[in-house]
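Worksheet: the structure to be examined is printed underneath.
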Amino acid sequence: MGFLRGTATTLNADNTVDEVLNNQDLGRTTPTLFGNFSLSARWRKLGLTVMGDYQTGAYVHSFDRQFRFAKGIKDDAIPAAALEGTTQAKTWLNFTNFFVEKADFLKIRNIGLDYSFQFPKSIIHDLSLALNIYNPLSFTSSSVDPEAVLSGARTQGAVATGGLSYSSYSLPRQYVLTAKVSF
């Protein structure tokens, strides 16, 4: 649990296949370091909020890349010499370790700005406007979103550890404008 296992192929100096080993440890799916951060600042009637999280030390298997490789699309990680005498369709599972990537990330989850207006001699006492941008920035070390993975409690027999990315997408960027009026 919490580890990727699969076929690992090593290459010779000339990029031909040296050895193919089955059922190898290809990396852990749980991070060794993770956390979150936030910043909240106010200057007069203007407020700023920034929140995010990060993780390091985990790995993810990009099955999207490996499946495309199986269907004949070249991948820069696998040199042509490694395929001499065979085809991608026949050996695609031998190269699983070439599709395992570091799953480090830094994500900004929310950037919010708000401003308050006061109207002391009006029927409207206060007006607050806020703009929040959810999921505005994502910096990842992998070609896929390490959080958008195919693993859940149902698919893993009550264990959710992640690590397999296939046809999954990141959370969308959202813009939310809020107005609050006090009478």
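The values are calculated or read from the model by the stated rules, or taken from the named source; none is laboratory data. Quantities reported herein were computed from a predicted structural model and do not represent experimental measurements. Methodologically, a virtual Cβ is constructed for each residue, glycine included, from the backbone with ideal geometry; neighbour enumeration extends over all protein chains shown. With ligands, DNA and RNA removed, areas are computed over all heavy atoms of the protein, side chains included. Shrake-Rupley method; radii C 1.70, N 1.55, O 1.52, S 1.80 Å.
Of note:
- Legend: calculated FRET efficiency, R5 to D64, from the Cβ-Cβ distance at R0 = 22 Å, rounded to 0.05, equals 0.70.
- Per-atom-type breakdown for the chain gives carbon and sulfur 58% of the accessible area (1.4 Å probe, protein chains only).
- Difference of contour (0.36 nm per residue) and Cα-Cα distance, A81 to F34: 13.0 nm
- Rounded to the nearest 10 square angstrom, H61 shows an accessible area of 20 square angstrom against a 1.4 Å probe.
- Residues within the reach of a label modelled at F183 (point 7 angstrom out along Cα to beta-carbon, backbone nitrogen below 15 Å), restricted to the stretch 116-134, are 122-127.
- Estimated distance in nm for a label pair at S128 and S143, the labels positioned 7 Å out from Cα along Cα-to-Cβ: 4.6
- Dipole axis of the chain (+1 Lys, Arg; -1 Asp, Glu on Cβ), positive-most option in V181, A58, G85: V181
- GNM flexibility winner over the chain from I78, I108, I123 (Cα, springs under 10 Å): I123
- Cβ-Cβ distance of N135 and R44, R₀ of 25 Å, FRET efficiency by 1/(1 + (r/R0)^6): the value works out to about 0.30.
- Cα centroid separation - the stretch 1-66 against the stretch 78-103, whole Å: 20
- Once all protein chains are placed together, L33 keeps about 90 Å² accessible to a 1.4 angstrom probe.
- When the chain is treated as a Gaussian network with alpha carbon springs shorter than 10 Å, the biggest mean-square fluctuation among N22, N12, N94 belongs to N12.
- Rounded if a/c under 1.5, otherwise prolate or oblate - the chain, Cα gyration tensor axes: prolate
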